[in-house]
Amino acid sequence: QVQLAESGGGLAQAGGSLTLSCAASGSIFRINTMGWYRQAPGNERELVATIISDGRTNYADSVKDRFTISRDDDKNTVSLQMNSLKPEDTAVYYCYLEAAQARGVILLDYWGEGTLVTVST
């Protein structure tokens, strides 16, 4: 089993910064993609940013140039540095992991429980 533990959510003022972190633990052989998604009230879950094993990143247009995703493969962690926060960034942020638990086993998707980010005006 794979567990994801998120931290770093909370309240920030518009224009401020927050850093989210996610640590993966359990039976992990290989991690491909790590990332963050978010879901605001009344909206569907949407991609925020992903980073794959070769370091390539992908960002939602709404967060480009404000958010930075990074990963530490030695620690199985992924972080999201969020700068210049806007009220529309308010959402529950979910850590995402695509990993295989053993050699030759297919990659599966794993999700954290979510951490709330609230940005006030």
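Treating only the Cβ atoms of Lys and Arg (+1) and Asp and Glu (-1) as charged, compute the dipole magnitude of the chain about its Cα centre; round to the nearest 20 debye.
Details: 10 positive and 14 negative charges, 26 e Å.
The dipole magnitude comes to about 120 debye.
Skip the ligands, DNA and RNA, and give the accessible area per residue of region 52-98 with a 1.4 Å probe, whole Å². Numbers along the way, then the final one.
On the way: 2430 Å² over 47 residues.
Value returned for region 52-98: 52 Å² of accessible area per residue.
With all protein chains present, how much of the accessible area of the chain (probe radius 1.4 Å) comes from carbon and sulfur, to the nearest whole percent? Could you put the intermediate results ahead of the total?
Values: 2930 of 6470 Å².
Here carbon and sulfur together make up 45 percent of the probe-accessible area.
Where does the chain land on Rg/Rh, using Cα atoms and the Kirkwood Rh? Write down the numbers at each step before the final one.
Working: Rg = 14.1 Å, Rh = 14.4 Å.
Here Rg/Rh amounts to 0.98.
Using the alpha-carbon centroid of each, what span in Å lies between region 93-108 and region 1-65?
Cα centres, region 93-108 to region 1-65: 15 Å.
In a solvent-free Debye calculation with one equal scatterer on each Cα, what is log10 I(q)/I(0) for region 1-53 at q = 0.20, 0.22, 0.29, 0.30 Å⁻¹, listed in the order of the q values?
The computed values of log10 I(q)/I(0) come out as -0.95, -1.07, -1.26, -1.26.
Please report the equivalent ellipsoid semi-axes of region 37-99, computed as sqrt(5 x eigenvalue) of the Cα gyration tensor, largest first, in whole Å.
Sorted largest first and rounded, they come to 21, 13, 10 Å.
The values are calculated or read from the model by the stated rules, or taken from the named source; none is laboratory data. All of these numbers come straight from a predicted model, not from anything done at the bench. Positions of Cβ are backbone-derived with ideal geometry, glycine not excepted, and every protein chain shown enters the neighbour counts. In case anyone asks, the SASA skips ligands and DNA or RNA and just uses the protein heavy atoms, side chains included. Shrake-Rupley method; radii C 1.70, N 1.55, O 1.52, S 1.80 Å.
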